[in-house]
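Peer 1: Once you've had a glance at the structure underneath, I'll fire off some questions.
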Amino acid sequence: MNEHESHTLKSAIELRRALRQWFATPLGRSLEAHEAHRLRDVLPTLYGAVALQLGCIGPLDLLDSAAAPKHILLDMLARRGAARVCGAPEQLPFDSRSVDVALLPHTLDFCDDAHSVLREVARVLAPEGHVVILGFNPVSLWGLRRLVARRPRPMPWCASFLSLSRIKDWLALLDFQVTHGMMLYYRPPMQHEGVMHRMNFFDKAGDRWWPLMAGVYMVVAKKRVVGVTSLPIEWKTKSLVGSVVARPVARGMVVPFERPVVKRIG
């Protein structure tokens, strides 16, 4: 590793550490709890064997409701273990097509090359696998707060705040189909817990009166199977063989591939 790479890695680690510290503040804890609650409505509907989370933002287990039996957390600050892998999202240490669900909790907001991260996610996801993206919405009170923040911007206003339209464009280029999504956390970014509690009505009114002004968006997209189309079925003439009726058969069938396992780390 050269000096430039070492400095980049050190900066990335410091950024992840500062992000965890911010999610330990009253506003950060409130936001993470809100996101975890919404994820419990989404993750149980996404099936597969392996669920991967790219980056840890706080103490909550955001994959606790995932239907996949195996959960893996990749983070620069993670200690190596059976379900924890130390690594960077730009270079995922997993085999292609080895993951069924990938959760990116503000991962794209805090990386140097968000598009390359999405390319890696597309590589490791199995066909028909899903990616779930949480990101800060620039068209919101949170985005306005970022604009007026002093330079250098503190956490979390130093995030990229990528627009929802850009995320959708990148997903389309990588052959993902956006299946659904939602806007969440309409409350203004205030650290006082008492004031935040009194602002609960913002969440109730937001979806009705200003649906695109939430502080965070959630996008769920499915990886399309490129080059595979459904084949027409050729129906055989009904005939009796002994006492069994011949079943219709197709001209061809897609044989499921054997997915490679996750690479062992350490």
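Peer 1: Quick test of your reading of the structure: Ile57 fulfils all but one of (1) within 14 Å of the chain's Cα centre (by Cα); (2) at pLDDT 95 or above; (3) β-branched (Val, Ile, Thr). Name the failing condition by number.
Peer 2: Unmet condition: (2).
Peer 1: Limited to region 59-68, what total is found for residues that are crowded, with 21+ Cβ neighbours inside 10 Å and free of Cβ contacts under 8 Å to residues at least 40 places away in the same chain?
Peer 2: The qualifying residues number 1.
Peer 1: Also, I was wondering about something else. Restricting to region 89-128, count the residues that are of a type in the set (Asp, Glu), surrounded by 15 or more Cβ atoms within 10 Å (Cβ to Cβ) and farther than 20 Å from Arg20 by Cβ.
Peer 2: 2
Peer 1: Would you point out which residue out of Val132, Val101, Val117 is closer than 12 Å to Leu54 by Cα and in a helix (DSSP H, G or I)?
Peer 2: Working: Val132 fails: in a helix (DSSP H, G or I); Val101 fails: in a helix (DSSP H, G or I).
Matching residue, one of Val132, Val101, Val117: Val117.
Peer 1: Among the residues of region 14-56, count how many are assigned to a helix (DSSP H, G or I), out of contact with any helix residue (DSSP H, G or I) (no Cβ under 8 Å at 6 or more places or on another chain) and surrounded by 19 or more Cβ atoms within 10 Å (Cβ to Cβ).
Peer 2: 6
Peer 1: Go through region 173-190 residue by residue and tally those that are under 17 Å from Val124 (Cα atoms) and either small (Gly, Ala, Ser) or surrounded by 20 or more Cβ atoms within 10 Å (Cβ to Cβ) (or both).
Peer 2: Of region 173-190, the ones under 17 Å from Val124 (Cα atoms) are 173-177.
Of the ones still in play, those that are also either small (Gly, Ala, Ser) or surrounded by 20 or more Cβ atoms within 10 Å (Cβ to Cβ) (or both) are 176.
Total satisfying the criteria: 1.
Peer 1: So in region 74-84, with the set limited to residues that are in a loop (DSSP other than H, G, I, E, B), within 22 Å of Ala24 (Cα to Cα) and of a type outside the set (Asp, Glu), which one is modelled with the highest pLDDT? Can you show your working first?
Peer 2: Initial filter on region 74-84 (in a loop (DSSP other than H, G, I, E, B)): 75-83.
Next cut, within 22 Å of Ala24 (Cα to Cα) only: 75-79.
Filter again for of a type outside the set (Asp, Glu), leaving 76-79.
Values: Met76: 82, Leu77: 79, Ala78: 68, Arg79: 61.
Among them, the one singled out is Met76.
Peer 1: Does any residue in region 130-153 that is among the acidic types (Asp, Glu) come within less than 7 Å, Cβ to Cβ, of a residue that is part of a helix (DSSP H, G or I) six or more places away or on a different chain, and which pairs are these?
Peer 2: Short answer, once both residue conditions are applied: none.
Peer 1: Output the number of the condition that His71 fails; it satisfies all remaining conditions of (1) farther than 16 Å from Trp170 by Cα; (2) in a loop (DSSP other than H, G, I, E, B).
Peer 2: (2)
The values are calculated or read from the model by the stated rules, or taken from the named source; none is laboratory data. Every value quoted in this text rests on a predicted model; they were computed, and no experiment measured them. Virtual Cβ from ideal backbone geometry, glycine too; neighbours counted across all protein chains shown.
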